[in-house]
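The values are calculated or read from the model by the stated rules, or taken from the named source; none is laboratory data. Model, not experiment: these values are computed from the prediction. Because the Cβ atoms are built from the backbone with ideal geometry, glycine has one as well, and the counts that use them run over all protein chains shown. For accessibility, only protein heavy atoms count, side chains too; no ligands or nucleic acids. Shrake-Rupley method; radii C 1.70, N 1.55, O 1.52, S 1.80 Å.
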Amino acid sequence: MVIYRAGRGYQVDNRYTEAVQLTEQADLDLIMVLNSDEYHTDCVLSAAKNGKDILVEKPMCLTLSDADAIIAARDKYKVNIMVGYMRRYAPAFIKAVEEVKQLPKINYAKIRGIIGQNKLFIDQSSKVYRFNDISSAAMEDKQIRAKNMVKEAIGYEAPNDLTSAYRLLCGLSSHDLSATREIIGVPNRVVSASRWNNGRFITATFEYDDFYATFETGVDHIIRFDAHIEVFGENKQIKVQYDSPYIRHLPTKLIVAETVGDHYEQKVCRPTFKDPYTHEFEYLYDVITKGFTPKTTPEDFKEDLILFNEIIKKMEH
C-alpha cells in the first residue's frame, strides 16, 4: 500500500520493494536516502557504487565503522555525499554564526531541544497515511539491525535506558549538537551527562577553552517545539530559535539582545519564510552542479558520533 499510494500520488512509474533497487536505476543522478536509519548505510553504499550523488538524512548512520565505510565509498567512487542537517542551512542560523564570530568573549552557551512528540504536530497539520502491510519479518529485521548497531556503538552490555538515550542523541539531538559544533566549535570534553525517563531526557555539560555550555533535550506530550542555541557574550546575547519542521515555512529566528551605551536593546531577525529544507536543497544543487563542498560532510557527521559516544560514557559513570 505504501508503494502504491506514493507512486500513484506522485506519478512515479518505477516502484521497488527493495530500496537498493532504486539506487541501481540508470537514469537517476541523485539518490535521497530518507528511510529508517538502520538502512541508511546499505543504501548509501549501493548508491555510491552505482555512481550516484547522495543526500542522506540524519543520522547518516549509527556506528563509527559505518561512517568510515561511507567515507571510503565516497572517495572510491568519486561521488558527493551530503548529510541532511537542514537547520544549519537556515539563514537565521548562518547570521547567528557570523554574530558569534564577532564576540570578543563567550561567557556561556545553552543548547536546548525539548519538544512534543512529532505526531502531535503532524496529525493537526498534514494528511497522514499509516499502513499495516509491513511484514513481521521486515519489522523483526529492522529491530535486530537497530539493536546490533546500537550495541556496537555503545557496548553489548548497555542497559535499555542507555540505548534509548543513544537513539535520542542520534535522532532529535543530532540537529542540536551538529549546529552547536558549527556555531561555537567542538567541546574540549564532556564534563558530565545524565539521562532519565528511560533515556528520553538528557542533560550534559561541555567544557570549552574559557567557558562552559549546557545541553538539555527530551520529548514529551506538550504541543510545542523549543529548540534553540543561545550564546552569551559580555555585552551581547545571541539566540537561534527553531520551530517544528513538520509544519512548512515556520521561520527560524535570530534574536539579539545587547547593551548599547547605557540602555538595553533587543531585535528579532526573521530573514525569510523560505523553508530551511529549500535552502538545503539549493545548496545541494550547487554542490552537484558547481562543485561546492558540502559543509555537512560524512566526516562532519562522524564528529557527532564521537560526541554522542563521549556523552554516553559520562552517563555510565
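Descriptive notes on the structure:
- For Ile94, the criteria (1) touching a residue at least 12 places away in the same chain (Cβ under 8 Å); (2) closer than 29 Å to Glu282 by Cα hold in every case but one, which is (1).
- Matching residues in the stretch 149-159 - criterion: being part of a helix (DSSP H, G or I) and without any contact (Cβ under 8 Å) to a residue 60 or more places away in the chain: Lys151
- For the stretch 196-211, taking the residues that are more than 16 Å from Ser174 (Cα to Cα) and charged (D, E, K, R), the one that is most open to solvent (accessible area, probe 1.4 Å) is identified as Asp209.
- Every residue from the stretch 180-200 that is in contact (Cβ under 8 Å) with a residue 60 or more places away in the chain and within 15 Å of Ile312 (Cβ to Cβ): Pro187, Arg189, Val190, Val191, Ser192, Ala193, Ser194, Arg195
Listed here are the residues, each with its yes/no results for (1) in contact (Cβ under 8 Å) with a residue 24 or more places away in the chain; (2) of a type in the set (S, T, N, Q); (3) more than 30 Å from Glu234 (Cα to Cα); (4) open to solvent by 10 Å² or more (accessible area, probe 1.4 Å).
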site: Asp66; (1), (2), (3), (4): yes, no, yes, yes
site: Ala69; (1), (2), (3), (4): yes, no, yes, yes
site: Arg74; (1), (2), (3), (4): yes, no, yes, yes
site: Tyr77; (1), (2), (3), (4): yes, no, yes, yes
site: Ile81; (1), (2), (3), (4): yes, no, yes, no
site: Lys101; (1), (2), (3), (4): no, no, no, yes
site: Lys119; (1), (2), (3), (4): no, no, yes, yes
site: Ile122; (1), (2), (3), (4): yes, no, yes, yes
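- Exclusive hit being modelled with pLDDT under 95 and either among the acidic types (Asp, Glu) or open to solvent by 70 Å² or more (accessible area, probe 1.4 Å) (or both), set Glu18, Glu57, Glu38: Glu18
- Residues of the stretch 286-314 satisfying the condition of being outside any helix (DSSP H, G or I) and either farther than 12 Å from Ser178 by Cβ or of a type in the set (Ser, Thr, Tyr) (or both): Gly291, Phe292, Thr293, Pro294, Thr296, Thr297
- Any hit, the stretch 238-258, residues being open to solvent by 50 Å² or more (accessible area, probe 1.4 Å), without any contact (Cβ under 8 Å) to a residue 40 or more places away in the chain and among the small types (Gly, Ala, Ser): no
- Filtering the stretch 297-304 for residues that are in contact with a helix residue (DSSP H, G or I) (Cβ under 6 Å, 6 or more places away or on another chain), touching a residue at least 24 places away in the same chain (Cβ under 8 Å), closer than 30 Å to Leu30 by Cα and hydroxyl-bearing (Ser, Thr, Tyr) leaves an empty set.
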